[in-house]
Amino acid sequence: MKFTLKDYQTDAVREALANLRKARKDWHGDAYRSAFSLTAVTGAGKTVMAAAVFEALFHGDDEFDFDADPGAVVIWFSDDPALNEQTRFRLMEASDRLNHTDLVPVENTFNRDRFEPKKVYFLNTQKLGKNSLLVRGFDAEEVEIKNNARLLDLRPDLRAFTIWDTIQNTIEDPALTLYLVLDEAHRGLGNPTVAERNAKGTIVQRLINGASGVPSIPVVWGISATVERFNEAMKVAIKRTSLPNVLVDSAKVQESGLIKDTILLDIPDDVGDFDTVLVRRATDKLKASTDAWHEYAKQQEDSHTVVPLMVLQVPNTPDPDDIGRALDTIHQQWPELPSGCVAHVLADHTTQQYGNRNVPYISPERVEDALWVRVLIAKDAISTGWDCPRAEVMVSFRAASDRTHITQLLGRMVRSPLARRIPGNERLNAVDCLLPRFNKKTVDDVVQALMKGDDTLPPSGGRILVNPIEMRPNPAASAIIWEKFEGLPSQTRPQRGAKPAKRLTALAHELASDGILPDGGKLAHKALHEALEKFQETEKVKIEAKRKAVLTVDGKTVVADLKGKKKSFNDFWEDADMAVIDDAYRRAARIFSPDISRTYTDFLAYKVASPDEADEFETALIEGRVSIAALGLMTEVQAYFDAEANMLARAWLAKYSGQIKKLTDDRKEAYRQITEMSRDPQDVDLVKPEAKFEPTEAREKGQDIKLPTYSNHLLCDENGDYPAELNDWEAEVLETESKRDGFRFWYRNPQQAGQSSLGIAYLDGDEFKIVRPDFIFFALGGDGEVVADVVDPHGLQYEDALPKLKGLALYAESHVGAFRRMESVARVKAKDKLRRLDLKSADVRSAIAAATDAKSLFAGRWASDYE
C-alpha cells in the first residue's frame, strides 16, 4: 500500500479478509454461497480499505496472515460508470501492488469465455441492461424458450460470449473464485423506485440469486455508508449464508481527521425569501475560506493550496432565471471571481443558460481536480457516491420538504481536503450549509437526520451548529498561559494490532526523509539486528534445539498386521525440504516483519560467506532463514523484540521532538500517526486553537433560549465573552474555581476529537476509549508560575463511570508534574454537596484501582466535599 492504514482501517481489512477466507473455503468445499457487508461513514476511506483487501487477495499479506487466492476474480459493480472510473483511479492511487492492467473496465467490446484471475472487473447497471452489446443474444425469457425448444443460440456482432456467459463460465471453473463487490450497496435494494426496480434492482438480484441458467455469484460483499437495505436483502437471498458484517466505528473515523469536525448550518432568523441575502453571505464564506486556505499554505510554505468551491443545490425543476440571479449576486459580492468559474452536474449534459450566463457541464468525478470550478450547480447527482473535499460551502434552494436531499449532499462534503485535520483551526475543519428556504423549526429535522442518520444517510460524527459565532484566542491571555496549555500532555488511543518494528521503521523513514536522521532506516535495522544477535547469544542452547526442529520433519508410520488384526506406530524422521523451511521462515517473519527478516537474513549470510561465491552464499542465506525460523519458535522472542523496537522508537521521538515541532503541519501529522502506532497510550502535545465555532442559542421545548456568556475563557468573541451551556454541576465548578486565589483563565475542553482537546485513554472492557475532562483552569501558583488544574464533573449514572475514573487515575499517576491539581467531582444524591476525589493522591488512586463502582468512592472516606 502507498498509504499507511489507520487503525480502524487495518481492523476492517483484517475482518473482511477473514470473511473472504471463509467464503472461499465454503464455496470450494461445500458449494456454500456467502455474503457480508462493510459499513463505514462517508470519508472513512472505503476504497483504500478495498485496495488493501485486493492486494492481499491477489498477492497474500504476511501482516494480515493471509494467503493469496490464485484464482480470485473480483467484479466491482455500481450503478454509474463514472463512479466506477473514479474508484478505479483511487485504487491505483492507493495501491503499489495493483497495476492498471489489473483493474479492467468492462467495455462493450469485451468478449472472453471467462474472467482472468487476479483482476478487478468494473461493471455497471447500464452495461448489463437489455440493450447493451455485452448482453445481446442473452434474454432471460428467450433463453428459457430456446432451452425448451432446443433452438440455435445465435450471437450478433460476431460475439462468441455474452457477459452472462463469462460470469457463468467463471463461476463454474473450479480453479477460480468469483467475488462480487457492490459499491453503494444500499442503492436498488429495498424499497427501490420503479426505475430502480426495473433496472438495477433486477440486475443485482440476478447476480446475487442467479437466473435463467446463470448461477448466483459465490461471494457477495456490499460496501456502503448505510447497508441496512443490503443486509436485509441478503437475509432473504436464495441459499446464501451471512458472514459477520464489518462495521467501522464512526468515532474512530472522526478522531482520524479524515472527515471534517463541524457542519455549520445558516438559516434566516425569520420566515421569508432570503435567497439573495444568504447567497451574499455564502459568497463571503467562500472568499473567507479561500483566503484562509491561501494563508495556511503560505504559513506552511506549501505549494499546494486548497481551492474551495461553493455548491448551489437547485430543485428538480429549477427556474433558470433564479439561478442566473444567484450567479449575478455571487459575482457582484466577489468581483474578483473569474467569470468562467461556474459548472453544472445536472442530468442534461449540455451547456445550460442561466440568465445571461452559459454554464458548461462537468462530470462529477472531475470536479475535485478541476480547480477552475468555484461554483457548482447540482441537484442530487453528487449526493450519492461522489466525494468532493474542496466543496466547503453549500447554498440549497431546495424547499424544506427536501431535507433528505440536503443531508445526503452534505454527506458528500465532509471529507477533509488534505485527508487530515488542520490543527487548532476549526474554520478549515468545517463545512457551511446555508438554507434560505428553511426556518428554525424545519432545520431541526436536518440536524436530527445528520446526528442520528437514517437508512440512506449515516450519522455525522462531528458537531452540527446552527447560526454559530466564531471564537478567537482571548487577547488577554499571555503567551505564558498558552505555552502552559500547549505543554499539557494529551493521550492517543492505543491500537490493538500495532507492530513495534513497523512503527520503528516507519519513524526511521520519516526522520531520514526530513533530513533529521540520515540513513535512519539502516540504523533502525542495524539496532534490531544487534538485538536479535544478543538474544541468540543469550538463548544459544534453546535456539539450537529449535533449529533442529526446523530442519527435521517427524511423524509416525502406521503398520497394520492384517492377519493378527493389530496395528503399531513407528516413528520416522526426515530432513525438511525448502518448502518446509520457507513455511517456518514466513511464520517467523510475521513476528519480526518481512523487511527486518529479509535484512537480518542478509546480515547473517554476509557474516559467513561472500556474495562472490554464489553457491556458498546461497547456502548461507538458507542457514540464515533457518536461524530466523528457529527464533520464531521461541515463545519469549516476540515480547523481547517488540520491547527493543519500542524502546528505540520512544528514544528517537524524545530526542528529535524539538526538530519535529519545527516542521510543517503535514509533516508533523506523519509523526503524530507514527506516535499513535502503539499498543499503549502515547503522549502528544496540545495545539493552541486559533478558531472555534460555538452556538449562541439552545432550543428548549420548541423555543430558542439565549446561552449565557462567561468571561476569562481562553477563547472569546470580540467582546471578550464565551457562550456556554453548562449544567448545574459545571456552573458550580466554574464559579468555585473562578474565586480561587491566583485564578486567571479557564478552558472548556472540547468533547470532540482534535489536537486542541485534552484526551485521556481508558480501558472499557477490552477496548480503549478516550475521555475528555470538562475543564482546565489556569492560575498563578505561589511562586508566580502558571499552573494548570483539571477538574472533571463526573456523571455516576453511566456504565463507564468507573472505567473513566480508573483511566483518569492512571493518567494522573504518570503525569504527576503536569498539573497542580487533578480532581474528579460528583454529586452522590440530587441535593447533596458536590464531592471530590483528589487524583494526585496515591491512596485515592489505590482505592480507585480496587473499586467495583464509582458511586461508593464519592460517598466514602476517599472523597471530600468540593468547595
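The values are calculated or read from the model by the stated rules, or taken from the named source; none is laboratory data. Keep in mind it's a predicted model, so treat the numbers as computed, not measured. Here the Cβ is made from the backbone with ideal geometry for all residues, glycine too, and neighbour counts use every protein chain on show. Heads up: the accessible areas ignore ligands, DNA and RNA and are worked out on the full protein's heavy atoms, side chains in. Shrake-Rupley method; radii C 1.70, N 1.55, O 1.52, S 1.80 Å.
Couplings 3J(HN,Hα) of the stretch 720-725, computed from phi: x, 9, 10, x, 8, 9 Hz, in residue order, whole Hz [Karplus 6.51 cos²θ - 1.76 cosθ + 1.60, θ = phi - 60°; x for Gly and Pro].
Measuring how big the stretch 1-138 is from its alpha-carbon positions, Rg and Dmax come out at 15.6, 48 Å. List the lysines whose alpha-carbon lies under 17 Å from that of K540, not counting same-chain residues fewer than 8 positions away? The qualifying lysines are K548. Using just its DSSP H runs of length 4 or more, each adding -39500 (n - 2.57), the chain gives a mean residue ellipticity at 222 nm of -12500 deg cm²/dmol after division by all residues.
Among the trypsin sites (Lys or Arg not before Pro) in the stretch 689-718, those located in a DSSP loop and surrounded by at most 12 other Cβ atoms within 10 Å of their own Cβ are K701. In nm, to one decimal, how far is the S363 label point from the E718 one, both placed 7 Å along Cα→Cβ? Placing both labels 7 Å beyond Cα along the Cβ direction yields 4.7 nm. Between amide H atoms placed 1.01 Å from N, distances below 5 Å from G222 occur with F36, S37, L38, L182, all of them 5 or more places distant or on a separate chain.
Dimensions of the stretch 665-777 along the principal axes, based on C-alpha atoms and rounded to the nearest Å, stand at 44, 34, 33, largest first. The accessible surface of the stretch 298-385, taken with every protein chain in place and a 1.4 Å probe, is 45 percent carbon and sulfur.
Determine the gain in length on full extension of the stretch A31-A859; use 0.36 nm per residue of separation and subtract their C-alpha separation, reporting nm with one decimal. Before the final figure, lay out each step's value.
Working: separation 828, 0.36 × 828 = 298.08 nm, distance 6.16 nm.
Once the chain is fully extended between A31 and A859, it gains 291.9 nm.
Out of all Cα-Cα pairs in the stretch 323-384, roughly what percent, to the nearest whole number, are more than 18 Å apart? Before the final figure, lay out the partial values.
Details: 603 of 1891 pairs.
Taking all Cα-Cα pairs of the stretch 323-384, the fraction more than 18 Å apart is 32 percent.
If you wrap the chain's Cα atoms in a convex hull and average its projection over all directions, what's the area in nm²?
49.5
With N set to the number of residues, divide the alpha-carbon radius of gyration of the stretch 717-867 by 2.2 N^0.38 Å and report two decimals. Don't jump to the answer; show the numbers that get you there.
Working: Rg = 15.3 Å, N = 151, 2.2 N^0.38 = 14.8 Å.
For the stretch 717-867, the normalised Cα radius of gyration comes out at 1.03.
For the stretch 611-762, the tally of Lys pairs with Cα-Cα distances below 29 Å comes to 14, considering only residues 8 or more apart or on different chains.
When you count, for each residue, the other Cβ atoms within 10 Å and take the mean per peptide, how do 586-598, 537-549 rank with the highest first?
Values: 586-598: 19.4, 537-549: 13.2.
Per-residue mean Cβ counts within 10 Å order the peptides as 586-598, 537-549.
Ranking S756, V580, S212 by how far each Cα lies toward the positive end of the dipole of the chain (charges on Cβ) leaves S212 at the top.
Quick one: accessible area per residue over the stretch 219-355, 1.4 Å probe, rounded to a whole number of Å²?
Values: 6320 Å² over 137 residues.
For the stretch 219-355, the per-residue accessible area is 46 Å².
Taking packing as the residue-averaged number of other Cβ atoms within 10 angstrom, the listed peptides 120-127, 721-728 run from highest to lowest as 120-127, 721-728. With a Förster radius of 45 Å applied to the C-beta separation of D582 and Q797, the computed FRET efficiency comes to 0.20.
Full extension of the segment from R472 to R679, taken as 0.36 nm per residue of separation minus the current Cα-Cα distance, would add 70.9 nm.
What FRET efficiency comes out for A399 versus M92 if R0 is 30 angstrom and r is the Cβ-Cβ distance? Round to the nearest 0.05. Don't skip to the end; give the middle numbers.
Details: r = 41 Å, r/R0 = 1.37.
Calculated value: 0.15.
Under 5 Å from the amide H of Y121 lie the amide H atoms of V74, I75, W76, V104, each residue being 5 or more positions distant or on a separate chain, with H modelled from the backbone and absent for Pro and chain starts.
Computed from backbone phi, the HN-Hα couplings of the stretch 533-538 come to 4, 5, 5, 4, 5, 5 Hz, rounded to whole numbers (Karplus: 6.51 cos²θ - 1.76 cosθ + 1.60, θ = phi - 60°; Gly and Pro given as x). With the highest mean first, a sort of the peptides 12-25, 602-615, 477-490 on other beta-carbon atoms found within 10 angstrom per residue produces 12-25, 477-490, 602-615.
The value of relative contact order for the chain, using C-alpha pairs under 8 Å at least six residues apart, is 10 percent. Taking label positions 7 Å along the Cα-Cβ direction at both A731 and I705, the computed distance is 0.8 nm, reported to one decimal.
Using the 1.4 Å probe convention, the accessible area of the stretch 724-845 works out to 44 Å² per residue with neighbouring protein chains retained.
Report, please, the projected area of the stretch 244-398 averaged over directions, based on the convex hull of its C-alpha atoms, in nm². Write out the running numbers ahead of the final one.
Values: hull surface 48.1 nm².
With every direction weighted equally, the projected area is 12.0 nm².
Kirkwood radius for the stretch 599-738, taken over all pairs of different Cα atoms as the inverse mean of 1/r, rounds to 21.8 Å. Seen from every direction in turn and averaged, the convex hull around the alpha carbons of the stretch 441-553 projects onto 17.5 nm². Overall, the chain carries a charge dipole of about 1500 debye about its Cα centre when +1 sits on the Cβ of Lys and Arg and -1 on the Cβ of Asp and Glu, all other atoms neutral.
One decimal place: the segment T241-A297 gains 15.0 nm when fully extended, by the rule 0.36 nm per residue minus the C-alpha distance.
For the stretch 623-670, the spread of Cα positions along the three principal axes, ordered from largest to smallest, is 45, 17, 15 Å.
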